[in-house]
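> Below you'll find the structure I mean.
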């Protein structure tokens with residue numbers, strides 16, 4: 001009965017959903033709930049898997065069919081997590097909402113995913129413009145926001161061309177025509193460590209392990225600015241006229257999505 005109610009909400013926003021169980025992997029602690037977007041011969045669909053078919057309890061708080069979004073809450077005793085599920089340009093997505101903002105509407109969930117600088121930049125806009133992909137205050141491409149910025153004293157020799165912008169976990173990078181960064185933490189990234197290892201963690205590895213993978217030196221949580229074209233296979237290319245500060249949405253502040261980090 002619960003599955004039928006959930007399926008009805010997904011159908012209302014124009015999506016398919018399938019249910020299953022979490023299969024524990026040896027040597028790992030299984031999650032109670034896994035939300036994903038998968039594909040079959042009929043296209044993309046949402047996949048909901050639980051370790052226990054009845055726990056956590058799942059409740060749809062809001063559905064906006066015209067926007068093709070819904071807000072889902074998982075509840076296990078006093079523990080609650082909220083997720084915004086929807087369609088963005090070409091594909092379906094799942095985004096965790098920070099627990100510090102217990103929203104109950106899709107509109108509020110979108111607001112909760114915006115970084116403080118974006119919220120401040122949009123404060124002078126009429127509310128009907130704030131959820132658009134592009135408005136006078138910023139441009140959005142997927143989980144990234146680009147806010148116009150003045151960047152003084154740029155060292156032209158440190159501007160990087162065709163640089164990837166990614167959030168870790170092996171996600172597909174957004175390729176930036178020109179990128180400038182400063183600050184942040186140096187990390188070593190490889191397929192075995194997609195979120196990066198600190199200098200100390202990397203040096204603690206054996207020489208054999210360090211040689212076994214292709215390591216790339218990157219910066220985590222640096223101040224990043226880009227200009228020119230930004231490309232991604234899942235999104236329309238955007239063109240930034242002048243430098244824009246890069247900000248990731250607040251999904252990384254959600255306990256349910258805590259393994260999402262800012263890498264570039």
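Only the coordinates and a few stated rules stand behind these numbers; no lab work does. These figures come from a predicted structure and were not determined experimentally. No Cβ is skipped: glycine too gets one built from the backbone with ideal geometry, and neighbour counts run over all protein chains shown.
> Give, in nm to one decimal, the length gained when the segment between residue 28 and residue 172 is fully stretched (0.36 nm per residue of separation minus the Cα-Cα distance).
Fully extending the segment from residue 28 to residue 172 adds 49.3 nm.
> What is the distance in Å between the Cα centres of segment 94-123 and segment 56-92?
Distance between centres, Cα-based: 13 Å.
> Using the basic label-point model (7 angstrom from Cα toward the beta carbon), what is the residue 8 to residue 241 distance in nanometres?
About 5.0 nm, to one decimal.
> Hey, another quick one. Shape call for segment 1-84 from the C-alpha gyration tensor, a ≥ b ≥ c root eigenvalues: rounded (a/c under 1.5), prolate (a/b greater than b/c) or oblate?
Cα axes put segment 1-84 in the oblate bin.
> Neighbouring Cβ atoms within 10 Å as the yardstick, rank 186, 250, 29 fewest first.
With the fewest neighbours first, 186, 250, 29 line up as 29, 186, 250.
> Could you work out the relative contact order of segment 103-191, using alpha carbon pairs under 8 angstrom and six or more residues apart, expressed as a whole percent?
15
> If packing is taken as the average count of other Cβ atoms within 10 Å, what order do 129-140, 202-213 fall into, highest mean first?
In decreasing order of mean packing, 129-140, 202-213 become 129-140, 202-213.
> Then there is this: Would you mind giving the three semi-axes, in whole Å and largest first, of the ellipsoid equivalent to segment 140-196 according to its Cα gyration tensor?
22, 15, 11
> Now for a separate question. Which order results if 146, 157, 93 are arranged by neighbouring Cβ count within 10 Å, fewest first? Could you put the intermediate results ahead of the total?
Working: 146 24, 157 5, 93 17.
Result, fewest neighbours first: 157, 93, 146.
> Which FRET efficiency value, to the nearest 0.05, do you get for residue 54 and residue 217 by plugging their Cβ-Cβ distance into 1/(1 + (r/R0)^6) with R0 = 45 Å?
Values: r = 46 Å, r/R0 = 1.03.
Computed FRET efficiency for residue 54 and residue 217: 0.45.
> Give the shape of segment 144-257 as rounded, prolate or oblate, defined through the alpha-carbon gyration tensor: a ≥ b ≥ c are the square roots of its eigenvalues, a/c under 1.5 means rounded, and otherwise the shape is prolate if a/b is larger than b/c and oblate if not.
It is prolate, given that a/c is not under 1.5 and a/b is the larger ratio.
> Given the -39500 (n - 2.57) contribution per DSSP H run of 4+ residues, what per-residue ellipticity at 222 nm results for the chain, rounded to the nearest 500 deg cm²/dmol?
It lands at -3500 deg cm²/dmol.
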